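Reading through the structure tokens given below for one structure.
The values are calculated or read from the model by the stated rules, or taken from the named source; none is laboratory data. From a predicted model like this one, the values you see are computed outputs, not experimental measurements. Counting neighbours? That spans all protein chains shown, and the Cβs are built from the backbone with ideal geometry, glycine included.
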Amino acid sequence: MARVGRYGIPGFVWSLIWVVVCILVIILLALLVYRLGGASLTIKLGHFHLDIGVT
């Protein structure tokens, strides 16, 4: 149980808060990439070629 001020918050609630925060960060990053016009990632390692692009 974590303590915030005088209140005790169970571990399950902290885990739920972290999951929600992570989802919000991913959504905000996706919105930022969308607003900036997209992104492109190209990785070449020998015969392996990975090309990812989003618009």
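Brief remarks follow.
- If the condition is being surrounded by fewer than 10 Cβ atoms within 10 Å (Cβ to Cβ) and either in a strand (DSSP E or B) or not β-branched (Val, Ile, Thr) (or both), then segment 46-55 contributes 46, 47, 48, 49, 50, 51, 52, 53.
- Segment 16-45 - residue that is loosely packed, with under 10 Cβ neighbours inside 10 Å and among the hydroxyl-bearing types (Ser, Thr, Tyr) and, of those, nearest to residue 2 (Cα to Cα): 40
- Against the conditions (1) surrounded by 10 or more Cβ atoms within 10 Å (Cβ to Cβ); (2) modelled with pLDDT of 85 or more, residue 9 satisfies every one except (2).
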